[in-house]
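Asker: Here it is, the structure in full.
The values are calculated or read from the model by the stated rules, or taken from the named source; none is laboratory data. The structure presented is a predicted model; accordingly, all values stated were derived computationally and were not measured. Every residue, glycine among them, receives a Cβ derived from its backbone with ideal geometry; neighbour counts consider all protein chains shown. Surface areas here come from the heavy atoms of the whole protein model, side chains and all, with no ligands, DNA or RNA. Shrake-Rupley method; radii C 1.70, N 1.55, O 1.52, S 1.80 Å.
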Amino acid sequence: MLFRARLGTFLTFALAGLLTGVWVARMPALAAKFGTSESEIGIVVLIWGLGAIVAMQGLRTVIARAGSRSVLRIALPLTAASYVFVALAPTYWALLMAVALFGMTFGITDIAMNAQGTVVEQAHRRPIMSGMHAGWCVGAMSGGLFGVATAAAGLGFTATVLVAAIVALPVAFALGRTYLADPPAAVPSNGRRRARMPVAVYLIGVLAFIAFMAEGSIADWSGLLLHDELGTTQAVAALGYPMFEFAMLIGRLTGDRLRTRLGTRRLLIASGVGTALGMTVVVLAPSAPFALAGFFLTGLVVCTVVPTTISLAGTAAPGQSAAAVAQVGAMGYGGLLLGPVVVGFLADATSLRLGVGVVVVLALLIAFGARFVPLGPGDVAVAGGTTVHAADALDAVGETAAAPAGGDREPVAA
């Protein structure tokens, strides 16, 4: 049962990543279909992101009450179905409405699949969220390759997205059978007032905001940095983001083991410092190979931050796990939208190198903020090189487990 739930959630992340990957890969075909400018395509992407944020914020209480399994069984097929409207939109204005709907259904799916991931993680009694998010990387890369293949075959945007939607819809329904029911405490059945989120959720959300902001900046500006600043060909410039995404996949496949071994705070601090170092290499790179190596290093270490914040959100508000995940997710998406804009303004005022250099500052903020991030009952303590699950630590020493004077392990939150 647990293996099936874990696999099903992993494949849900992969399916969501695939839909996004196809959509991103065929952006040039979308622009060609409607004869739109780059700014008009930017509006399309903005509408999609805003739709996701609105859905995340507006429906977080509904999701908390219904539970992630029930919501995901509806939201994932609706996301695939809304993809059809994006494919068949006859005009630019119809496209904007279709994209808004797609963004809203996708936002709900994003909340629910992350909340379901926390349910599965808590059932396993050990960190597995990075592995779940590795599914996203697999799906995004697969969607990108599908987009490349359909472009080579001469298929336009409509045909490509329509095929992806038709394939995704039955898979979305099938995955609904694999999800775990939310714990009873996570689905409040009464209470007329919406419960207030603990401050800890917003602290975690700030960390997610910064991490998403850094990832979005790299995704949107890596190609231009390689092409405009370092003078590479478009083919070489196109390698920046795939290399970053591939490194993220590798890092997320090992991130859970690292979190278990190092502890949550140490992992986040290491990720922040490593990201700052990687992006410093990119900013100071004298040639494209150095910049590509920097992007790879950055992807390898930044990849664990977002899954870790989602995992922490799932335990930061007992009885409101899905709502907490929704809040952190919405704050993260805000950073994803804002990051590229900030880099663009800085690039216009100074240079693209200095604009992208803002990621170095963001990474150092992650390392600094990790010292204050609240740990939940699902976190691990590291004592003498041996990993102990928090629940087992509590059983062993009573109500709390305190760190020794030498600082060799993290305190376990009650």
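Asker: In whole Hz and in residue order, list the ³J(HN,Hα) couplings for segment 303-320 that follow from phi through the Karplus curve 6.51 cos²θ - 1.76 cosθ + 1.60, θ = phi - 60°; x for Gly and Pro.
Answerer: 4, 8, 5, 4, x, 5, 5, 5, 4, 5, 4, x, 10, 7, 10, x, x, 9
Asker: By the scheme Lys and Arg +1, Asp and Glu -1, what is the net charge of all other residues having a beta-carbon under 12 Å from that of Val325? Write out the running numbers ahead of the final one.
Answerer: Numbers: positive: Arg60; negative: Asp110, Glu121, Asp182.
Residues close to Val325 contribute a combined charge of -2.
Asker: With bins 5 Å wide starting at 0, give me the P(r) of segment 222-261 over every alpha carbon pair, in whole percents.
Answerer: Going from the shortest bin to the longest, the percentages are 6, 24, 19, 13, 11, 10, 8, 7, 1.
Asker: Could you work out the local net charge near Phe157, counting Lys and Arg as +1, Asp and Glu as -1, over the other residues with Cβ closer than 15 Å to its Cβ?
Answerer: Net local charge, Phe157 excluded: +1.
Asker: With a 1.4 Å probe and all protein chains kept in place, how much accessible area does Thr178 have, in Å² rounded to the nearest 10?
Answerer: 20 Å²
Asker: Evaluate the distance, in nm, between pseudo-label points positioned 7 Å from the Cα of Leu354 and of Phe368 along their respective Cα→Cβ axes.
Answerer: For Leu354 paired with Phe368, the spin-label model returns 2.0 nm.
Asker: Which three extents, in angstrom, do the Cα atoms of segment 199-380 have along their principal axes, listed largest first?
Answerer: Cα extents, longest axis first: 53, 32, 24 Å.
Asker: With viscosity set to 1.306 mPa s at 10 °C, what whole-number translational diffusion coefficient in µm²/s follows for segment 209-311 from Stokes-Einstein and a Kirkwood radius over Cα pairs?
Answerer: Translational diffusion coefficient: 116 µm²/s.
Asker: Something else: Could you compute how much accessible surface Ile53 exposes when probed at 1.4 Å, giving the result in Å² to the nearest 10?
Answerer: 40 Å²
Asker: Still on this structure: In terms of the ratio Rg/(2.2 N^0.38 Å) built on C-alpha atoms, what value belongs to the chain?
Answerer: 0.96
Asker: Next question. What whole-number value in Å² describes the accessible area per residue of segment 257-324 for a 1.4 Å probe?
Answerer: 32 Å²
Asker: Considering amide H positions built from the backbone, and no H for Pro or chain starts, which residues 5 or more places from Asp182, or on another chain, come under 5 Å of its amide H?
Answerer: Sorted by chain and number, the residues that satisfy this are Ser68, Arg69.
Asker: Here's something else I'd like to know. In whole Hz and in residue order, list the ³J(HN,Hα) couplings for segment 73-81 that follow from phi through the Karplus curve 6.51 cos²θ - 1.76 cosθ + 1.60, θ = phi - 60°; x for Gly and Pro.
Answerer: Here the 3J(HN,Hα) series is 5, 9, 5, 5, x, 5, 5, 5, 5 Hz.
Asker: Please list Trp93, Trp23, Trp136 from largest to smallest accessible area, probe radius 1.4 Å, with all protein chains kept in place.
Answerer: Trp93, Trp136, Trp23
Asker: Let me ask something additional. Can you list the HN-Hα couplings for segment 89-103, worked out from phi with the Karplus curve (6.51, -1.76, 1.60; θ = phi - 60°), rounded to whole Hz and with x for Gly and Pro?
Answerer: Calculated HN-Hα couplings, in order: 4, x, 9, 4, 5, 5, 4, 4, 5, 5, 5, 4, 5, 4, x Hz.
Asker: Taking only C-alpha pairs under 8 Å that are 6+ residues apart, what is the relative contact order of the chain in percent?
Answerer: Values: 742 pairs, mean separation 91.2, N = 414.
With pairs under 8 Å counted, the relative contact order is 22 percent.
Asker: Ignoring ligands, DNA and RNA, how do His227, His133 rank by accessible area with a 1.4 Å probe, largest first?
Answerer: So, going from the largest accessible area down, we get His227, His133.
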